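Undergrad: Would you mind keeping the following structure in view while I ask a few things?
The values are calculated or read from the model by the stated rules, or taken from the named source; none is laboratory data. Because the structure is predicted, anything quoted here is derived from the model rather than measured. Cβ sites come from the backbone with ideal geometry, for glycine too, and all protein chains shown count toward neighbours.
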Amino acid sequence: MADEKTSTLLSDVSIEGEVIEKDKIIIDAKINGDVKAQEIITHSKSNITGNIKSKSASLGGKLTGNINSDKIIIKKTANIEGVLNQKTLSIQEGAQLKIKAETSK
């Protein structure tokens, strides 16, 4: 896919409201609102209060909200509170979690 685009939100960005990206988004920012994209990657400084909807989510920051994604990868730097709804789930040792996980078929 040569035409796939990646958006990046750096740590000095703060957003109030919904974030929608058609392809891939990398987040190291503070977001107060839902995030929707094909692929979502969050880094350790990210702080999201809202729900995530994607095909693939790799989470490494703070998230308070629900995640609906086919594939969820939780990195050791993650701090997540909410409900996970996924087909596959991977969690690295050291992640701080307060979650309920539901596997969809």
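Undergrad: When residue 1 is evaluated against the numbered criteria (1) surrounded by fewer than 17 Cβ atoms within 10 Å (Cβ to Cβ); (2) modelled with pLDDT of 95 or more; (3) not charged (D, E, K, R), which criterion, by number, is the only one it fails?
TA: Of everything listed in (1) surrounded by fewer than 17 Cβ atoms within 10 Å (Cβ to Cβ); (2) modelled with pLDDT of 95 or more; (3) not charged (D, E, K, R), residue 1 misses just condition (2).
Undergrad: Which one is nearest to residue 62 (Cα to Cα) among residues in the range 1-50 that are acidic (Asp, Glu) and part of a loop (DSSP other than H, G, I, E, B)? Reasoning before the result, please.
TA: The initial filter retains those residues of the range 1-50 that are acidic (Asp, Glu), namely 3-4, 12, 16, 18, 21, 23, 28, 34, 39.
Still in the running and part of a loop (DSSP other than H, G, I, E, B): 3-4, 12, 18, 21, 23, 28, 34.
On the way: 3: 30, 4: 27, 12: 15, 18: 17, 21: 20, 23: 22, 28: 10, 34: 14 Å.
This residue is 28.
Undergrad: Considering every residue within the range 42-56, establish whether at least one is out of contact with any Cys (no Cβ under 9 Å at 6 or more places or on another chain), surrounded by fewer than 22 Cβ atoms within 10 Å (Cβ to Cβ), without any contact (Cβ under 8 Å) to a residue 24 or more places away in the chain and among the hydroxyl-bearing types (Ser, Thr, Tyr).
TA: yes
Undergrad: Would you pick out the residues in the range 44-61 that are of a type outside the set (A, V, I, L, M) and under 9 Å from the mean Cα position of the chain (by Cα)?
TA: Taking the range 44-61 first, the residues of a type outside the set (A, V, I, L, M) are 44-47, 49-51, 53-56, 58, 60-61.
Within the range 44-61, 51, 53, 54, 56, 58, 60, 61 meet the criteria.
Undergrad: OK, next. How many residues, within the range 65-76, are over 14 Å from residue 101 (Cα atoms) and surrounded by fewer than 17 Cβ atoms within 10 Å (Cβ to Cβ)?
TA: Pass one, the range 65-76, residues over 14 Å from residue 101 (Cα atoms): 75-76.
With surrounded by fewer than 17 Cβ atoms within 10 Å (Cβ to Cβ) added as a condition, the list becomes 76.
Residues that pass the stated criteria total 1.
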